[in-house]
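See structure below.
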Amino acid sequence: LAGYLYGDGGFKDIRRTYKRDKIFEHKIIVGDEFEIQIEIIKKLFSELFNLNTRIRDERIKKGEMMYYINPTCKIVYRFFVKIFAFPEGPKKSIKIPTIIRRAPSELKKWFLRGFMDADGDVRATEYYLDKKLPSPRIKVRLADRFFIEQLKKNLNREFNLGLTGPYSDTDNDWYTQCAKQGMI
């Protein structure tokens, strides 16, 4: 869950909402283009924290491909912000949390799996075979080069993937990838 939230989650800036509304709004925002993925995340919040929320589809109705949930709970919010060092407000200069870097290999793997579930990309092998596309790849693309470098190092060490890069097509974002052999 923590890895997934690092990719597709966000934490409202409670100080900004306090300045505006005079209340601290401890809201977590989690979105994904696939409803089945949000159902899994919703279930995790329920099982781990007894925190029930509903899947929202307002953005789908507006033409955006985004289902989301807004778990709101001060204790859960502060758990992620304090223990996992999630940034409040816009994600800037993110890094793998110290608690994860110091964790046993098995916990690091779960964090990395969650992050890849949120932000990783896999070009499907069946399209490669049928459509004569470039070889299948695992790829992660983000705006933060430092985080991509950290991610590459950890994924290579924990999963022996052989990720290369980071590369940039636009200077606005960076990616790391591995080809067919790393996927196997």
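The values are calculated or read from the model by the stated rules, or taken from the named source; none is laboratory data. Nothing here was measured: the structure is a model prediction, and the numbers come from that model. Every residue, glycine as well, gets a Cβ built from its backbone with ideal geometry; the counts of neighbours run over all protein chains shown. These area figures cover heavy atoms from the full protein model, side chains too; ligands, DNA and RNA do not enter into them. Shrake-Rupley method; radii C 1.70, N 1.55, O 1.52, S 1.80 Å.
Here are the numbers for the structure shown:
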| quantity | calculated |
| --- | --- |
| Nitroxide proxy distance, nm - points 7 Å out along Cα→Cβ at ASP57 and PHE146 | 4.1 nm |
| 17 Å Cα-Cα reach of LYS62 towards aspartates and glutamates, excluding residues that sit fewer than 8 places from it in its own chain | ASP32, GLU33, GLU35 |
| Karplus (6.51, -1.76, 1.60) ³J(HN,Hα), θ = phi - 60°, over segment 101-116, in Hz, Gly and Pro reported as x | 4, 8, 6, x, 3, 4, 5, 4, 4, 5, 4, 5, 4, x, 5, 5 |
| Dipole of segment 7-128, positive direction: furthest Cα of ILE69, THR53, PHE84, with charges on the beta-carbon | PHE84 |
| Around PHE45: net Lys/Arg minus Asp/Glu count, Cβ-Cβ under 12 Å | +1 |
| Max mean-square fluctuation residue, GNM over the chain, Cα-Cα springs under 10 Å, options GLY162, GLY120, GLY63 | GLY63 |
| Whole-percent carbon and sulfur share, accessible surface of the chain, 1.4 Å | 52 percent |
| Loop-located GluC sites (Glu not before Pro) in segment 35-65 whose Cβ has at most 14 other Cβ within 10 Å (DSSP) | GLU64 |
| Top of ILE75, ILE41, ILE100 by mean-square fluctuation, Gaussian network on the chain, Cα under 10 Å | ILE75 |
| Too-long pairs where the Cα-Cα distance tops 26 Å, listed order kept, from LYS74/LYS109; LYS22/LYS82; LYS91/LYS152; LYS61/LYS108 | LYS74/LYS109; LYS61/LYS108 |
| 20 Å Cα-Cα reach of LYS153 towards aspartates and glutamates, excluding residues that sit fewer than 8 places from it in its own chain | GLU106, ASP117, ASP119, ASP121, ASP144, ASP173 |
| Fluctuation leader among LYS82, LYS109, LYS139 - the chain, Gaussian network, Cα springs under 10 angstrom | LYS82 |
